[in-house]
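Any read-out appearing in this document is the output of simple, stated calculations on the displayed coordinates, not a laboratory observation. Because the structure is a prediction, the values reported are computed rather than measured. Positions of Cβ are backbone-derived with ideal geometry, glycine not excepted, and every protein chain shown enters the neighbour counts.
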Amino acid sequence: MTISERVKSINPSQTLAITAQALKMKREGKKVISFAAGELDFSTPKNIREEAISAIREGFSHYTASSGIIELKEANTRKT
């Protein structure tokens, strides 16, 4: 298979490179707080997973308004 020059010129992802470096450092026993790929180092809590599944089953699976979900914003202001 021949790869075009344009494809050959694509640079590797810096985010993935930083993530790989953080993982390497963790394997070496170093304490690392990585802000690279946004991947948490713990599982999503069960109650959040269950709510997400429920929302999908109820058809709440489309993009929201860019300003956010009004009910969520209202709930947040009540909590803080």
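At-a-glance table
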item: Loop trypsin sites (Lys or Arg not before Pro), the range 1-79 (other Cβ atoms within 10 Å of the site Cβ: 14 or fewer; DSSP); result: LYS30, LYS31
item: Computed log₁₀ I(q)/I(0) - Debye formula, equal Cα scatterers, no solvent, the chain, q 0.12, 0.17, 0.18 Å⁻¹; result: -0.73, -0.96, -0.97
item: Ascending count of other beta-carbon atoms within 10 Å, so fewest first, for LEU23, LEU16; result: LEU16, LEU23
item: Leading residue at positive end of dipole, the chain (Cβ point charges), from ALA22, THR77, THR64; result: ALA22
item: Loop GluC sites (Glu not before Pro), the chain (other Cβ atoms within 10 Å of the site Cβ: 12 or fewer; DSSP); result: GLU28, GLU39, GLU58
item: Anchor LYS30: lysines whose Cα lies under 25 Å away (excluding residues fewer than 8 positions away in-chain); result: none
item: The chain, dipole about Cα centre (Lys/Arg Cβ +1, Asp/Glu Cβ -1), debye to the nearest 20; result: 380
